[in-house]
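Below you'll find the structure, written out as structure tokens, and then a few comments.
The values are calculated or read from the model by the stated rules, or taken from the named source; none is laboratory data. Remember, predicted model here, so these are calculated numbers, not experimental data. When we count neighbours, we look across all protein chains shown, and the Cβ atoms used for this are built from the backbone with ideal geometry, even at glycine. Remember, those area values only see protein heavy atoms, side chains included, never the ligands or the DNA or RNA. Shrake-Rupley method; radii C 1.70, N 1.55, O 1.52, S 1.80 Å.
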Amino acid sequence: MTKFSIEYNPYLVKCVFKKNGKVLNAKSKIGAKSEERLQVLLGESVNWKGLLEEIAIACDDDEVEIHFKGRKIDFDDLKYTLNMYKGTVQFSTTFEESTNDADVIGGLDKIFDEIRSKDIAEFNQKNKDGLDIFDAYEEAKNGIFEVSVIATMSSGKSTLINSILHTELLPSSNAACTATIARIFDNDDMDGFEAECYAADGKTVIHPKGPVDLSKMSEYNADKNVTYIDIVGNIPSISDDKIQLCLRDTPGPNNSQNENHGRLTRSIIKRTNAVILYVMNATQIGIKDDKQLLMDISSEMKRAGKQSRDRFIFVINKCDEIDEEKGENVEKTLSEVRDYLKKEFDIVEPTLIPTSARLALAIRKSKKGEKLSKNERKALVDVEDFVNNELLHYEKFATLTPTVREKLQLQAAKYHKDEELWDDEALIHTGVPAVEETISEYVEKYAYPMKIKDAIKDIVAILGELNMKAEFAKSIANDSKKLTMVRKQIADAKKKHRNGKKIYDVYKAKIGDFRIDEKVEDNEQYSVEMKLQEILKKYDDKEKVDKREADILLVKFQDDLVHFQRDCESSLNRNIAENIFKEGKKMLAEYTSVVRQILDNIEIEGYDFQKLKSFHEIKISDISELKKRNESVRYRKEKRWIKNPEREGFFGFFKFFEPKEISVLVDVRDGVDVDVKEIIVNVMTGFSSSIKENIHTVFEQAYDQIEEYKNAFNDNIDTLDNEIDRILDELDKSTAELGDLEQRVKENKKLSKWVRDKETRIKTLLDF
């Protein structure tokens, strides 16, 4: 039997792999993945068969014992993957639990307080946002974690959110949910809710902060001047002791009065630091309006392995409306959802949670003593059914980790013993607590460790820099020969850097050559033309059609164009994003290569440029980091494809009662044949021209973004050039006088000991 061990530290995003006690180094396939998140490694990717398959190959043994050291929540993911494993190797596991989250953050708080009280200049420097490292620590530590709720029409999205809030706050009619975007921030210390309303610019206050209830929210939703509503209150079932939760009620693109809502939804899907609750109606699986959103979700789920998949939770709501008399049940419905997501969108292993938000809300309102509507009182009649009928125990059919499943099962079993607590048991069976527990687990598994990592990165960098500089000064102050050698190395480095300026020019020339292949736009234009021709073919024989049939055909044609426009925009966005990402990765590779080449030219013994905080700020490790760091680089999607002087938005273009646009239907008399084909050809001509023109406009914007990427990389390389000059000048000056060096070493003696102590304590705290 081969013994294989995994030590996983989510705070440092570090894996240590050992085979029979020997650490696998970066030259091995598994060892090279030591700085990847465990959940990413568990899944498959390019040239990677998944951690278990790779362990099986590396061990080449029929039996492998895996010892896992880390958090139980991460070990559960490993166990889940083992349960799904279909290979021939017999795996067994042992588990060793490591430091818990509360101890980590408590220890860090204490260390940061000690560092703050020392009042050292390097720690008090402000960044470009005016924050010092202590401000940045508090901001990261108290950061907001967003859960965005997206849904198609009639899915019960507002009811689901209300059930999570334990009260009816958001209006549940479709009309009420079209005009505004609500963000609900968790504050466990509040009893009620307060809200503030903003205009479309997100800044202008329309209604100042004040208490809010269902009636007030209905009033705000009806106010056409209100676009954003920020709400603060207690989200009871999800604690804010680790991270503040924000529930975002996002209007779906299919029922929005504002075209930009669709674009907002797509941008939310692309955010890597947020959970998406995608709410589907159990009685209407596979409606047209969800197609583009699910294609975008599919694309994102393929980007970053298991972590990316985990952040998308598909809530199958209204399961209580499934007609059992027709042979339907939750298990069958979930099977249909899985098939639909896999066949249509290549979404595999989705997290599916069936729910009855309606019953969950009724139970929670009843427990709080709130007034119930007639329908809610009627819903409570189902409580006994949800207790006694196992087909209504929705959590049993949900995609849950072993930890969450066991927790819910134990709670349900406890409540079942006492009939007085059957409401609590039925609540668990509604599936809504499963949604809440899955969100909480995601926060613990990913968001919280990343928060800690972000909070400490700057202070760790400064401690490392101070320690390196102190050791460097000490080494040359005590050794005159080494000082002479270092002085020569500094002079050589300055000369090499001056003579190596052509490296920068060559790099900038290469960066200048990056661009999106113009064939991509040509292909997109050609594809649009072919698809429009397919739509036209349906009406080839419709030259003489009765008016009633003509009405139906033209409405169908309008619907075809609406969906075509959505398909085209979504496809175009994905195509351009992929091409920009591809070119961005090429530029990043070129940038990384030239930085390495520049630094290889500089060799000063004992002085590590990589430990300088300023170098951490210049370094770019991925394209998303570049986008965040350079605010001018953004994917613009604001221009609309169809502009109508009479009515804003796409639908206005096809309003048949508008004579200025299309007047044929209102002018014909009953019984007169209508040349539908001619009408459609005329409309299609203008539509085709408009959509092609706007495709070109979108590509022009994409070309501009590539130029902005080029500028960002070039700006960074210029910053690097200036920083190297500054550091070499500073080194030259600081090593010129031995007396100054000796004085600095004497002053640094106590500081160095203090710095090493803080480094060791942070490392011990975070290192498993």
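Hey, can you grab everything whose amide H is under 5 Å from the amide H of D767? Only 5+ residues off in sequence or another chain; H modelled, so Pro and N-termini drop out.
Sorted by chain and number, the residues that satisfy this come to none at all.
With a 1.4 Å probe and every protein chain left in place, work out the accessible area per residue of the stretch 514-575 in Å², rounded to a whole number.
56
Could you list which residues have their amide H under 5 Å from that of F193, counting only those 5 or more apart in sequence or on another chain, with H placed in the peptide plane?
V212
Could you give the accessible area per residue of the stretch 372-496, probe 1.4 Å, as a whole number in Å²?
Per-residue value: 47 Å².
Kindly report, to the nearest 10 Å², the accessible surface of W422 as traced by a 1.4 Å probe over protein heavy atoms only.
Counting only protein heavy atoms, the figure is 50 Å².
Roughly what angle does helix 432-442 make with the longest principal axis of the chain, taking Cα atoms, 0 to 90 degrees, to the nearest 10?
Tilt of helix 432-442: around 20 degrees.
For the stretch 683-732, what are the per-bin percents of Cα-Cα distances with bins 5 Å wide, up to the bin holding the maximum?
Histogramming the stretch 683-732 at 5 Å steps yields 6, 16, 11, 11, 10, 8, 9, 6, 6, 6, 4, 3, 2, 1, 0 percent.
Would the stretch 454-529 count as rounded, prolate or oblate if I go by the C-alpha gyration tensor, calling it rounded below 1.5 in a/c and otherwise prolate when a/b exceeds b/c, oblate otherwise? Intermediate values should be presented prior to the final figure.
On the way: a/c = 9.21, a/b = 2.12, b/c = 4.34.
Because a/c hits 1.5 or more and a/b fails to exceed b/c, the stretch 454-529 counts as oblate.
Output the peptides 216-228, 25-37 sorted from most to least packed, where packing is the average of other Cβ atoms within 10 Å over each peptide's residues. Walk me through the intermediate numbers first.
On the way: 216-228: 16.8, 25-37: 14.7.
Going from most to least packed, we get 216-228, 25-37.
What shape does the stretch 503-543 have by the C-alpha gyration tensor, where a ≥ b ≥ c are the square roots of the eigenvalues, rounded means a/c under 1.5, and otherwise prolate means a/b greater than b/c and oblate the rest?
Taking the square roots of the gyration eigenvalues as a ≥ b ≥ c, the stretch 503-543 is prolate.
Which lysines, on any chain, are close to K19 with Cα under 18 Å apart, when same-chain ones fewer than 8 places away are left out?
Answer for K19, where 18 Å is the Cα cut-off: K3, K27, K29, K33, K69, listed by chain and number.
Below 8 Å, C-alpha to C-alpha, sequence gap of six or more: please give me the relative contact order for the chain in percent.
That works out to 12 percent.
What ³J(HN,Hα) values, in whole Hz, does the Karplus curve 6.51 cos²θ - 1.76 cosθ + 1.60 give for the stretch 231-239 when θ = phi - 60°, with x put for Gly and Pro?
These are the phi-based 3J(HN,Hα) values: 10, 10, x, 7, 9, x, 8, 10, 6 Hz.
Would the stretch 399-518 count as rounded, prolate or oblate if I go by the C-alpha gyration tensor, calling it rounded below 1.5 in a/c and otherwise prolate when a/b exceeds b/c, oblate otherwise?
Cα axes put the stretch 399-518 in the oblate bin.
Among the aspartates and glutamates, select those whose C-alpha is under 20 Å from the C-alpha of K374, and discard any that sit fewer than 8 residues away in the same chain.
E168, D213, D320, E321, D382, E384, D385, D423
To test your reading of the geometry: what angle, between 0 and 90 degrees and rounded to tens, separates the Cα axis of helix 480-499 from the longest principal axis of the chain?
Approximately 40 degrees, to the nearest ten.
I need the phi-derived Karplus couplings for the stretch 208-217: 6.51 cos²θ - 1.76 cosθ + 1.60, θ = phi - 60°, integer Hz, Gly and Pro marked x.
Each residue's phi maps through the Karplus curve to give x, 4, x, x, 9, 9, 4, 4, 5, 5 Hz.
Excluding same-chain residues fewer than 8 positions from K547, which lysines have a Cα within less than 30 Å of its Cα?
Filter leaves K288, K531, K537, K538, K556, K643, K655, K660, K677.
Using alpha carbons only, what's the Rg to Rh ratio of the stretch 1-147 with Rh from Kirkwood?
1.10
Given that compact globular proteins tend to follow 2.2 N^0.38 Å, what is the ratio of the alpha-carbon Rg of the chain to that value?
Compactness ratio reported: 1.11.
Tell me, rounded to the nearest percent, the portion of alpha carbon pairs in the stretch 672-768 spaced more than 24 Å apart.
Value for the stretch 672-768: 69 percent of Cα pairs lie more than 24 Å apart.
Quick check: the angle from helix 291-301's long axis to the longest principal axis of the chain, C-alpha only, nearest 10 degrees?
Result, in degrees: 20.
Measure off, as a whole percent, the carbon and sulfur share of the 1.4 Å-probe accessible area of the chain, all protein chains present.
Carbon and sulfur atoms account for 47 percent of the accessible area of the chain.
Give a residue-ordered list of calculated ³J(HN,Hα) values for the stretch 355-372 (Karplus: 6.51 cos²θ - 1.76 cosθ + 1.60, θ = phi - 60°; whole Hz; x for Gly, Pro).
Once rounded to whole Hz, the list reads 9, 10, 5, 4, 5, 4, 5, 4, 5, 5, 5, 5, 5, 8, x, 7, 5, 9.
Where Rh denotes the Kirkwood radius from the mean inverse Cα pair distance, what is Rg over Rh for the stretch 344-477?
Over the Cα atoms of the stretch 344-477, Rg/Rh equals 1.33.
Quick one: which residues, 5+ away or cross-chain, put their amide H under 5 Å from the amide H of T351? H built at 1.01 Å from N.
The answer is F314.
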